[in-house]
Amino acid sequence: MRQRRANDGMNTIDLQATLTPHAVAIPSSPADLRPCDGDGVLAAIGNTPLVRFRKYLDRDDVELYAKLEAGNPGGSAKDRPALQMLHAAMTSGDVTAETTVIESSSGNMGIGLAQACAYYGLRFICVVDPNAQPQNIAIMRALGAEIELVDQPLDGDFLSARLARVCDLLEHIPCSFWPNQYANTENPKAHESGTIREIDDALQGDIDFLFVATSSTGTAQGCRNFLQARGRRTKVVAVDAVGSVLFGGKPGRRKIPGLGAGREPKLAREQGFDLVKRVTDIDCIVGCRRAAKREAILIGGSAGGVLEVVRSMQNEIAGKNCAAILHDSGSRYIDTVFCDQWVEDVLGASPEEVQTRQSSPALREVLVSCE
Ligand SMILES: Cc1ncc(COP(=O)(O)O)c(C=O)c1O
């Protein structure tokens, strides 16, 4: 996780004097920091709405609650681990006022870190590849992030190229720090102390199934750990993408951001969930369109996949209490998920097919594993 210790020997109290005028004092002691807490805009992270979805499913005897993580100020669930990883590094002294934070992200984590770094007056460099959405890059830039574009794949892979660039930047920029969401255990901790605690409190622990999209697996791990520690009966259903290697299999083409992984992240090694379900890109599109039509809400691609997994199981979860974590909003996917031309050009599905599938049985995927 930690690549470069920033300002060894310098404690965070000394730092207060060195902060730039616009910067906010970096908290001086662990006591000042709660796990996923912050001042100003950062204090608005968490406590997102939990909304009952009455119309998404075809049957009304499933209690389905959706955790709307788009309610975070940066627009996604990633605000939580971004802040937590930064706070942990501030507490340990790995991040000080002079630190340059460097991360590889094409979207939500980059925005979450851009937001937190801007608030603390820290320099932030985000390494992206040509697949990053222009809108996300624009948001990061608007928050003061520097964008480092990797335009050539390494061994045929952009992720490898991005990670190589991160290492190169860490090598050459003094006092630099890599949060590394794919290996950093503060990532799941943010969800353990935040996301799932909020859901559990709201539903008083009465949850039969929890549905969560996976990429780093931070969200799903944090939720599972909390539920296990509380001795809850809840079954955690991890939702992955067809073409992801998170739970075995070969890498394949995936076009929905934030869902699945082309390489197994360190954080995801030997992680088990009660159930793993895989969705296709089209399943995600169908879920997003169905949510817009039935629940009048714009949700992001991974959230569409999660809801389609719930729908595919609606008969077996009849009479059960369920919660689904919806990582972000569809407003960032207007030109992709919600654009018929994009769906046709990139995924090869006509508007008619997408329309038909919204009212056909959900999912044509297979159960991957069951523990
Ligand atoms: C939109 C979206 N959904 C789901 C996920 C998966 O979350 P995690 O990395 O915690 O597994 C991400 C992560 O980047 C995401 O951006």
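The values are calculated or read from the model by the stated rules, or taken from the named source; none is laboratory data. Here the structure is a predicted model, which means the values were calculated and not measured. Counting neighbours? That spans all protein chains shown, and the Cβs are built from the backbone with ideal geometry, glycine included.
For region 230-242, the set of residues classified as more than 19 Å from residue 307 (Cα to Cα) and touching a residue at least 12 places away in the same chain (Cβ under 8 Å) consists of 230, 232, 233, listed by residue number. Please identify the pairs in which a residue from region 44-68 that is closer than 13 Å to residue 311 by Cα has its Cβ atom under 8 Å from the Cβ atom of a residue that is surrounded by 13 or more Cβ atoms within 10 Å (Cβ to Cβ) and of a type in the set (Ser, Thr, Tyr), counting only partners at least 6 apart or on another chain. If the second residue must be surrounded by 13 or more Cβ atoms within 10 Å (Cβ to Cβ) and of a type in the set (Ser, Thr, Tyr), the pairs left are 53/65; 64/56. All conditions in (1) more than 13 Å from the ligand (Cβ to nearest atom); (2) at positive phi; (3) of a type outside the set (A, V, I, L, M) hold for residue 180, with the sole exception of (1). Just one residue in the set 70, 77 is within 12 Å of the ligand (Cβ to nearest atom), modelled with pLDDT of 95 or more, among the aliphatic types (A, V, I, L, M) and out of contact with any helix residue (DSSP H, G or I) (no Cβ under 7 Å at 6 or more places or on another chain); that residue is 70. Cβ-Cβ distances below 6 Å connect the following pairs, each with a first residue in region 93-111 that is under 20 Å from residue 140 (Cα atoms) and within 12 Å of the ligand (Cβ to nearest atom), a second residue that is small (Gly, Ala, Ser) and in a strand (DSSP E or B), and a separation of six or more residues or different chains: 108/76.
Please specify each residue of region 201-224 satisfying the condition of being within 13 Å of the ligand (Cβ to nearest atom) and in a helix (DSSP H, G or I). The answer is 218, 219, 220, 221, 222, 223, 224. For the subset of region 298-310 comprising residues that are more than 12 Å from the ligand (Cβ to nearest atom) and without any contact (Cβ under 8 Å) to a residue 60 or more places away in the chain, which member is nearest to residue 213 (Cα to Cα)? The qualifying residue nearest to residue 213 (Cα to Cα) is 308. Among the residues of region 71-108, those identified as surrounded by 23 or more Cβ atoms within 10 Å (Cβ to Cβ) and part of a strand (DSSP E or B) are 76, 101, 102, 103, 104. The condition of being in contact with a strand residue (DSSP E or B) (Cβ under 7 Å, 6 or more places away or on another chain) and of a type in the set (A, V, I, L, M) holds for only one of 142, 161, that being 161.
Is it the case that region 183-200 has a residue that's assigned by TED's automatic domain parsing to the domain that holds residue 316, away from the ligand (no atom under 16 Å from the Cβ) and closer than 20 Å to residue 313 by Cβ? No; the residues of region 183-200 include none that is assigned by TED's automatic domain parsing to the domain that holds residue 316, away from the ligand (no atom under 16 Å from the Cβ) and closer than 20 Å to residue 313 by Cβ. Per the listing 15, 113, the residue uniquely part of a helix (DSSP H, G or I) and modelled with pLDDT of 95 or more is 113.
Specify which of the listed residues (264, 270) is more than 22 Å from residue 341 (Cβ to Cβ), within 15 Å of the ligand (Cβ to nearest atom), without any contact (Cβ under 8 Å) to a residue 24 or more places away in the chain and not assigned by TED's automatic domain parsing to the domain that holds residue 132. Walk me through how you get there before you give the answer.
Numbers: 270 fails: within 15 Å of the ligand (Cβ to nearest atom).
Only one candidate qualifies: 264.
Each row is one residue, and each column tells you yes or no for (1) small (Gly, Ala, Ser); (2) buried (at least 24 other Cβ atoms within 10 Å of the Cβ); (3) within 13 Å of the ligand (Cβ to nearest atom).
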site: 235; (1), (2), (3): no, no, no
site: 286; (1), (2), (3): no, yes, no
site: 292; (1), (2), (3): yes, no, no
site: 312; (1), (2), (3): yes, no, no
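Taking region 331-357 as the range and being surrounded by 17 or more Cβ atoms within 10 Å (Cβ to Cβ) and polar (S, T, N, Q) as the test, only 336 passes.
Any chance region 146-156 includes a residue that's within 16 Å of the ligand (Cβ to nearest atom) and either modelled with pLDDT under 95 or more than 23 Å from residue 86 (Cβ to Cβ) (or both)?
No - not one qualifying residue is present in region 146-156.
Scanning region 314-330 for residues that are small (Gly, Ala, Ser), surrounded by fewer than 23 Cβ atoms within 10 Å (Cβ to Cβ) and more than 12 Å from the ligand (Cβ to nearest atom) yields a total of 2.
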